[in-house]
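Taking it in order: structure first as structure tokens, then the write-up.
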Amino acid sequence: MKGEHKATLSFSDGTPSIEMPIYKGTVGPDVIDIRKIYGQTGKFTFDPGFMSTAACESKITYIDGDKGELVYRGYPIEVLAQNCDFLETCYLLLYGELPTAAERGQFGAEINNHSMVHEQMHRFFTGFRRDAHPMAILVAVIGALAAFYHDTLDITDPESRRKSAIRVIAKIPTLMAMAYKYSVGEPFRYPRFELSFAANIMQMMFGTPCEDYVRNDVLVRALDRILILHADHEQNASTSTVRLAGSSGANPFACISAGISTLWGPAHGGANEACLVMLNKLLADGGVSKIGDFIKQVKDKDSGVKLMGFGHRVYKNYDPRAKLMRESCHEVLTELGLHDDPLFAIAMKLEQIALEDDYFVSRKLYPNVDYYSGIVQKAMGIPVSMFTCMFAVARTVGWISQWNEMISEPDQKIGRPRQLYTGYPTREFIPMNKR
Ligand code: ACO
């Protein structure tokens, strides 16, 4: 991160101009180091929504939003999705390199070893209403892991941080499946060491004591791909939340819980759920013939209606994950004999119409990963309310890798943005009887 070039900031209010270093990344836009602006000028920079602000330096994930490229540790997402499984991808994100066969074996065994949760945790679930949203449960039980695993809470110790990372990656599928089982009133299932990460999720969700889950390799592969595609996405809202929470020295389980809370919002991880709700409503309202009316509504700013699963802060091109998800969607629907599924037909038609419409074209609004991931999950029998939980299971490795990267930095500081204050200046207090 060395800068040979400089930027000069000049002012029209008499403040002397200042010079700021410009740094180059390996790829992507240069950044201007503005850290000394306040000290040298007494002024803050103003960037709500972080439209132009790089909040950290990172070596994990790179997105080229204009080209529609996503790269984990230097490997394009398409290459990883076609050649690796989720645990290999986790290893890559956590440790920076793809594992050898021996490392992969050891990593898988370590994840297996930590996949059960403390038996006492089972009691947490009975405190929730059966109709609680599983994301609400996940936020709580992941935060509660800190109450069980005190031995890895020393965030200054790299081995302790590594162990916490393994624990949270290994346990979140078990806890997510428990949240599901609780909602349908079925007994919890324990993880099975002989199964892959994705197959294990399926058996914990869909197996019962009366009947083992019969594995379908096409569905398992599709779930594995969903996990790979969602594993990391550089400094998105939930990851930035995890970093901000972690910057105060909070324990890793608390930080991941904060990330899950942020992910829950419909503008972020809740979008695939919202997208499926939208497609279902369109189907109920008349199907393909009503797409034109719906698009009109979306284009009318006063309607408050958005085309869910479209648009992205960074991608101003087709989201590369959406292409891969669309491919998996075809495979799953073909495997299950659902290719004439009316929901899928509406999704395809809506996508086609939107991609030809000037409103979407001029704003560079393309389908994002959530547009198809909801349809795939629904076809696989995963209930809509679990979609965001599945996203959280996948993103946990990204969150914890980014958290670890931040904590490992020698001059890491607490995250503390400033503000443009537009409220009252100091004013006189009026006693209650005179207000
Ligand atoms: N439907 C209709 N119009 C849209 C949509 C959409 N889905 N997305 C953006 N626009 C419009 C905006 O109204 C705005 O129009 P204007 O310039 O006339 O005012 C323009 O496109 C730019 O959009 P912004 O809201 O400024 O873009 P921003 O980067 O802030 O928002 C976001 C990105 C939140 C993802 C937005 O596109 C959206 O709400 N999409 C739908 C929800 C969704 O699919 N989220 C998933 C994101 S991916 C993920 O989290 C895995």
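General remarks:
- 5 angstrom amide H check on A7, placed H, neighbours 5+ away: M20, I22
- Net charge, R104 excluded, C-beta distance under 10 Å - Lys, Arg +1, Asp, Glu -1: -3
- Among 283-291, 250-258, sorting by the average number of other beta carbon atoms lying within 10 angstrom of each residue, highest first, gives 250-258, 283-291.
- Computed from backbone phi with θ = phi - 60° and the Karplus coefficients 6.51, -1.76 and 1.60, the 3J(HN,Hα) list for region 301-314 is 4, 6, 6, x, 8, 10, 7, 5, x, 10, x, 6, 4, 9 Hz; x is used for glycine and proline.
- For region 116-217, a crude dipole built from +1 on the beta carbon of Lys and Arg and -1 on the beta carbon of Asp and Glu, taken about the Cα centre, is about 180 debye to the nearest 20.
- A simple packing score, the average count of other Cβ atoms within 10 Å per residue, orders the peptides 311-322, 10-21 as 311-322, 10-21, with the highest score first.
- Our summary gives region 224-351 a relative contact order of 23 percent, counting only alpha carbon pairs under 8 angstrom and 6 or more residues apart.
- The share of accessible area on the chain that comes from carbon and sulfur is 54 percent, using a 1.4 angstrom probe.
- Lys/Arg +1, Asp/Glu -1 at C-beta; the chain dipole; positive extreme among P425, P29, L283: P425
- The mean accessible area for residues of the chain, using a 1.4 Å probe and ignoring ligands and nucleic acids, is 50 Å² per residue.
- For chymotrypsin sites (Phe, Trp or Tyr not before Pro), the sites in region 328-421 that DSSP calls loop and that have at most 16 other Cβ atoms within 10 Å are Y421.
- Between I201, I407, I22, the residue with the greatest mean-square fluctuation in the GNM of the chain (Cα pairs under 10 Å linked by springs) is I22.
- Estimated inter-spin distance, E78 and Q352, nm [label 7 Å along Cα→Cβ]: 2.3
- Cβ-Cβ FRET estimate between M116 and A147, R0 fixed at 25 Å, reported to 0.05: 0.90
- Given charges at Cβ of Lys, Arg, Asp, Glu: the chain dipole, positive-most of L80, T100, A170: A170
- One decimal place: the segment E194-K290 gains 29.8 nm when fully extended, by the rule 0.36 nm per residue minus the C-alpha distance.
- Where only DSSP H runs of four or more residues are counted, the chain gives -15500 deg cm²/dmol as its mean residue ellipticity at 222 nm, each run worth -39500 (n - 2.57).
- Placed amide H near E69: partners under 5 Å, 5+ positions off or other chain: D64
- The calculated FRET efficiency for the pair T156 and F46, based on their C-beta separation and a Förster distance of 41 Å, comes to about 0.75.
- When the charge dipole of region 294-393 is built from unit charges on Cβ atoms (+1 for Lys and Arg, -1 for Asp and Glu) and taken about the Cα centre, the candidate among Y315, C389, V376 whose Cα reaches farthest toward its positive end is Y315.
The values are calculated or read from the model by the stated rules, or taken from the named source; none is laboratory data. All values derive from a computational prediction rather than experimental measurement. Neighbour counts are summed over all protein chains in view; Cβ atoms, including those assigned to glycine, are modelled from backbone coordinates with ideal geometry. To get the accessible areas, we keep the full protein, side chains included, count just its heavy atoms, and leave off ligands, DNA and RNA. Shrake-Rupley method; radii C 1.70, N 1.55, O 1.52, S 1.80 Å.
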